Amino acid sequence: MDYGNEALVVYDSTYGNTERIAKAIAGALGGEATAVRAAEANAAALGKLELLIVASPTLGGRPTETTLSFLNSIPASSLKNVKVAAVDTRLKAKWVRIFGYAAEKIAAKLAAGGGSPAAPAGGLFRGAAPKVRWRTRSWSAPPPGPRESRSTTELASAASISSSRY
């Protein structure tokens, strides 16, 4: 499948929360933005995109196996001219911090594929999908402090996607 020159949100979801968030992000991007499950994504067709966002729940401190499989299938340097962003869904429980979060691991894989970070890796708390709001602002908003998670509104505001350009 050819994804054109617009934006793609690739996601995996265990209980449906990450799927709802991914679809909300794609809807907010407008235009030709598409949300597709990681198991159905064509990693070989990503090079023409302007923006690639990968979203996964955090399970044991990492993305799902399906998300990792997708990330590992991205050809080397195929994301050279693609802006990338990583999002995870996570619990608020303090013990989860022991293992870390999926977004940082997703971002590292996207960078290894040659992607240019469009925003710092970030997480959304479980149940955040209805609150996702995208506002026009700069992609370069400062990241949260160490081990701090962005609220849905902060992440959406930092991502700041205008319909004209990413």
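Select from segment 1-108 those chymotrypsin sites (Phe, Trp or Tyr not before Pro) which occupy a DSSP coil region and have at most 16 other Cβ atoms within 10 Å, ordered by residue number.
TYR15, PHE99
For segment 1-128, what D do you get in µm² per second when you plug the Kirkwood radius from alpha-carbon pairs into Stokes-Einstein at 20 °C and 1.002 mPa s?
Approximately 151 µm²/s, per Stokes-Einstein.
So between PHE99 and GLU65, what do we pick up on full extension, going 0.36 nm a residue minus the alpha carbon distance?
Contour length minus the Cα-Cα distance gives 10.6 nm.
What number comes out for the charge environment of LYS105, summing +1 per Lys or Arg and -1 per Asp or Glu over other residues with Cβ under 10 Å away?
0
For a quick check: sort VAL82, VAL87, VAL36 by the number of other beta carbons within 10 angstrom, fewest at the front.
So the residues, fewest neighbours to most, are VAL36, VAL82, VAL87.
Which order do LYS94, LYS80, LYS109 fall in if you start with the one that has the fewest other Cβ atoms within 10 Å?
Lowest to highest Cβ neighbour count: LYS94, LYS80, LYS109.
Pull up all non-local amide H partners of ALA33: gap of 5 or more, or a different chain, and H-to-H distance under 5 Å with H placed in the peptide plane.
ALA7
No lab work stands behind these numbers, since they all come straight from the coordinates. What you see is a predicted model; the values in this text were computed from it and never measured. Methodologically, a virtual Cβ is constructed for each residue, glycine included, from the backbone with ideal geometry; neighbour enumeration extends over all protein chains shown.
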